Amino acid sequence: QTAKGRADVVFHLPGATFVMELKMCNTKRSAARAAGDALKQIDEMGYATPYEQPGHRVVRIGAAFARDSRTIERWIVAK
């Protein structure tokens, strides 16, 4: 958690932490935008900040789920 909220998913592995934000989208066309919005939210809200330390990798992932298929339609990974 941060003072501005919390990420949807955070998981830790030795040497890396993954911070994920998930968005629902209505169409394949809107999936890229939703994934980008999710990644932007991680950055703007500082969800990854508590895990940043020297020698430790933090991976930020914005993902978009399609409402109709209920699968991940698009994701963007930023290191």
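Of note:
- Number of residues in segment 12-42 that are within 13 Å of the chain's Cα centre (by Cα) and among the hydroxyl-bearing types (Ser, Thr, Tyr) equals 1.
- Of all residue pairs spaced 6 or more apart or on separate chains, those with beta-carbon atoms under 6 Å, a first member in segment 10-24 that is more than 22 Å from Glu73 (Cβ to Cβ) and a second member that is of a type in the set (Ser, Thr, Tyr) are Thr17/Tyr51.
- All strands (runs of 3 or more DSSP E) inside the chain with 2 or more residues being open to solvent by 80 Å² or more (accessible area, probe 1.4 Å): 9-13, 72-78
The values are calculated or read from the model by the stated rules, or taken from the named source; none is laboratory data. Everything numeric in this text was worked out from a predicted model, so none of it was measured. Every residue, glycine among them, receives a Cβ derived from its backbone with ideal geometry; neighbour counts consider all protein chains shown. Remember, those area values only see protein heavy atoms, side chains included, never the ligands or the DNA or RNA. Shrake-Rupley method; radii C 1.70, N 1.55, O 1.52, S 1.80 Å.
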